[in-house]
Amino acid sequence: MKTLRDVKVGETATIARLHGEGALKRHIMDMGLTRGTEVFVRKVAPLGDPMELTVRGYELSVRKGDAELIEVE
């Protein structure tokens, strides 16, 4: 299983599945990270957290802990 955390800078991935429960999963979905969405990893902060993504035409910062809950293809 490959997660969003494993995607390298400059790569694009497609979201396959969201893990997590309740409010956390809902929060991830509210940010536009839903199944079938393409995500481009723009950069990662110097200390490794957070990572900056391009999703649906806008910039989004996601913590590595949350990125582990997002399974990608």
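In the chain, Cα pairs under 8 Å separated by at least six residues give a relative contact order of 42 percent. In the elastic network of the chain, a GNM with C-alpha springs shorter than 10 Å, the most mobile of Glu52, Glu11, Glu38 is Glu11.
Loop-located trypsin sites (Lys or Arg not before Pro) in the stretch 1-31 (DSSP state other than H, G, I, E, B) with a sparse environment of at most 16 neighbouring Cβ atoms within 10 Å: Lys8. Computed with a 1.4 Å probe over protein heavy atoms only, the accessible area of Asp6 comes to about 70 Å². Computing FRET efficiency as 1/(1 + (r/R0)^6) for Lys64 and Arg35, where r is the C-beta to C-beta distance and R0 is 30 Å, gives about 0.90. For the stretch 35-50, 3J(HN,Hα) computed residue by residue from phi via the Karplus equation (6.51, -1.76, 1.60; θ = phi - 60°) reads 4, x, 7, 7, 10, 10, 8, 7, 6, 10, 4, x, 8, x, 8, x Hz, glycine and proline entered as x.
Taking every protein chain into account, the 1.4 Å probe leaves Val55 with about 0 Å² of accessible area, to the nearest ten. Equivalent-ellipsoid semi-axes for the chain (Cα gyration tensor, √(5λ), whole Å, largest first): 17, 13, 12.
The values are calculated or read from the model by the stated rules, or taken from the named source; none is laboratory data. In this text, all values refer to a predicted model and were calculated from it rather than measured experimentally. Cβ: placed from backbone, ideal geometry, glycine included. Neighbour counts: every protein chain shown. Heavy atoms of the whole protein, side chains included, go into the accessibility calculation; ligands, DNA and RNA do not. Shrake-Rupley method; radii C 1.70, N 1.55, O 1.52, S 1.80 Å.
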